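For reference, the structure discussed in these notes is given below.
Rule-based calculations on the coordinates, nothing more; no lab input. Since we're looking at a predicted model, the values are computed, not measured.
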Amino acid sequence: MKTKPIVVGIIIIILLGLGYCYSTRESSIKQSPFVEVKELGITFTVPEDIKDLTYTIKTLNGGLGKAAYFSTESLSQIGGKYCTSAEGALGIVQVADINKVKGHEDELRLGSLIKTLGVTGVYYTHPQATCSESKTGIDLAMKQIASFQKSIKTVALIPAE
C-alpha cells in the first residue's frame, strides 16, 4: 500500500530532474554565415564545416525559459537517431538574466558561461558523449563539436527592431 505513493514520488522527481518539457521545434539553417536563433534572441557566425546546422528549441521547466539543442544534418545522417538536434549532439545553448541566476548556475544546470551581453548570459553545455558508435560518426562529431564551440563564442544579441 505504501509503495504506490513512493513510486509516484520517484517518478515526479525524475520528471522534474529532467528540466524540460516536451515542447520542441526543429529548425534548419542553410546558406548563411550567420545563424539567428530568434527564440533565444541570439545570432552567431557559422563556419563552412557546420553550415548545415540544425537546432531544436525546448521549453524548460522552473522558469528557465528556452534552450536550443544543436546538431547538423550531416551528423544526423551519419550518426543516426542520437545525433539529431533533439538530442543536442553538438551541445545546448541557453540564455538567462545573469542577475537572476547569479550563484545558482550549477543548480539550474546552465552550463559554462560563454559570453555576457549586457545582463544576458549565454551558457553552453557540452554533450556528455559523442552521439555515434561508428568511427566515422565519432570523428565527424568531434570535429563539429569543436567547430561549434568556436562558433558560439561569436554570439551577439539580435538587435531590437
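Results, tabulated for the structure shown:
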quantity	calculated
Computed log₁₀ I(q)/I(0) - Debye formula, equal Cα scatterers, no solvent, the stretch 65-161, q 0.10, 0.13, 0.14, 0.18 Å⁻¹	-0.30, -0.48, -0.55, -0.82
19 Å tail of the calculated P(r), the stretch 104-161, as % of Cα pairs	45
